[in-house]
Amino acid sequence: MRPKLHFISGLPRSGSTLLAGILRQNPRFHAAMTGPMGSLFGALLAAMGPQNETALFLSEAQKRDLLRALFETYYRPQADKAVVFDTNRAWCARLSQLLSLFPEAKVLCCVRNVAWIMDSIERLVRRNAFEPSKLFATPEERATVFSRVEALAHRDRLVGFAWSALKEAYYGEHSGSLLLIEYDILCQRPRETLELVYQFLGEPWHEHDFDNVEYAEPEFDAQLATPGLHTVRRKVEFRPRRTVLPPDLFEKYAGLAFWRDPKGSAAWRITVQAGAEPAGG
């Protein structure tokens, strides 16, 4: 029996690694941080597209089989699991293809006030002050907090791409397959949040230990020269703090939480109400 396939997507620094760390406590589940499937999926799609002149020999059915085989091959070591969650921010931009291949799949989208996402990344950069992060392409991008945040927000970069892809999915025709999970609520009320996640997935409840969540990928973070990027704190809890961003910069990105407005979308939501914004976390 093949595992059921679901996806984790959404915004960076918004709890996707934490969510995977919690879900993987369930022995029936496999979940991890962002893996290679998103880029492999995109590369295979491109190879079967019009830029490859020999792709005309591939039928629609063959293309589907090849894409399904990609997942089956990669997750063969997890064949004993009932459910596999693949994590990638690109999945929100691939909903049409994913749901054509896996019509029953659900997408858990981790979200967070964009200003606090920028704050979280900025804190990591400052914490590793003598190790220039590969999140930035040039010394000019790394120069100041303003240039760093601007670079991250560009439409093809870490935060800007994920935000655009999520917004497309949230207002798209497949939005009913999404569950948006706000980071602050996940940290403040983890048990209630996970109970809703299980209901959304139609899976039987498993008791989780929210005081002992373990997950880290230090080698991957070292490769990006950004230690701590995917390290999960052992205890799931909310920690209020003041932002390190200048006030005008924080204000610029604080109002981008479109997912708090249910109009125009069929997505399911576990979100903070507008006007009830906690301080950091």
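Can you compute the radius of gyration and Dmax for the stretch 4-270, using only the Cα atoms, both in Å?
Calculated on Cα positions, Rg and Dmax stand at 18.9, 58 Å.
Within 10 Å, Cβ to Cβ, of residue 105, how many net charges do the neighbouring residues add up to if Lys/Arg are +1 and Asp/Glu are -1?
0
Taking the Cβ of each residue in 134, 106 as the centre, tally the other Cβ atoms inside 10 Å and list the residues starting with the fewest.
Result, fewest neighbours first: 134, 106.
Run the numbers on the chain and let me know its relative contact order in percent, using alpha-carbon pairs under 8 Å that are six or more apart.
26
Listed highest first by mean packing, meaning other Cβ atoms within 10 Å per residue, what order do 200-211, 119-130 come in?
Per-residue Cβ counts within 10 Å, averaged per peptide and sorted highest first, yield 119-130, 200-211.
Specify the inter-centroid distance of the stretch 1-64 and the stretch 231-259, based on alpha-carbon positions, in whole Å.
The stretch 1-64 and the stretch 231-259 have Cα centres spaced 28 Å from each other.
Once you have the Cα-Cα distance between residue 137 and residue 104, take 0.36 nm times their residue separation minus that, and quote the gain in nm to one decimal. All intermediate terms of the calculation are to be shown ahead of the outcome.
Working: separation 33, 0.36 × 33 = 11.88 nm, distance 3.87 nm.
Net length gain for the segment: 8.0 nm.
So how much slack lies between residue 251 and residue 43, counting 0.36 nm per residue of separation and subtracting their Cα-Cα distance, in nm?
So the extension gain works out to 71.1 nm.
Using a Förster radius of 30 Å, what is the FRET efficiency between residue 64 and residue 199 based on their Cβ-Cβ separation? Nearest 0.05, please. Show your work: numbers first, answer last.
Details: r = 30 Å, r/R0 = 1.00.
Here the calculated transfer efficiency is 0.50.
Under 12 Å from the Cβ of residue 194, count the other residues' Cβ atoms, weight Lys and Arg +1, Asp and Glu -1, and hand me the total.
Combined, the nearby Lys, Arg, Asp and Glu give -3.
Given 37 °C and 0.692 mPa s, compute D for the stretch 1-83 with the Stokes-Einstein relation, Rh being the Kirkwood radius over Cα pairs; round to the nearest whole µm²/s. Let's see the in-between values first.
Values: Rh = 14.7 Å.
So the translational diffusion coefficient is about 224 µm²/s.
Between residue 80 and residue 235, what is the spin-label point distance in nm, taking each point 7 Å from the Cα along the Cα→C-beta axis?
Between residue 80 and residue 235, the label points sit 3.4 nm apart.
With labels modelled as points extended 7 Å from the Cα through the Cβ direction, what inter-label distance (nm, one decimal) is found for residue 145 paired with residue 127?
Those two pseudo-labels are separated by 1.7 nm.
When the helix-only estimate is applied to the chain (DSSP H runs of n ≥ 4, each -39,500 (n - 2.57), divided by the residue count), what is the mean residue ellipticity at 222 nm, nearest 500 deg cm²/dmol?
-11500 deg cm²/dmol, from helical runs alone.
Taking the simple approach of a point 7 Å from Cα along Cα-to-Cβ for both residue 244 and residue 154, what is their distance in nm?
Distance between label points: 2.3 nm.
Count the lysine pairs in the chain whose Cα atoms lie under 18 Å apart, taking only pairs 8 or more positions apart in sequence or on different chains.
Going through the chain pair by pair, I get 6.
Throughout, read-outs are computed from the coordinates displayed, never taken from laboratory work. Note that the structure is predicted; figures quoted are calculated from it, not measured. Using ideal geometry, Cβ is built from the backbone for each residue, glycine included, and neighbour counts are taken over all protein chains shown.
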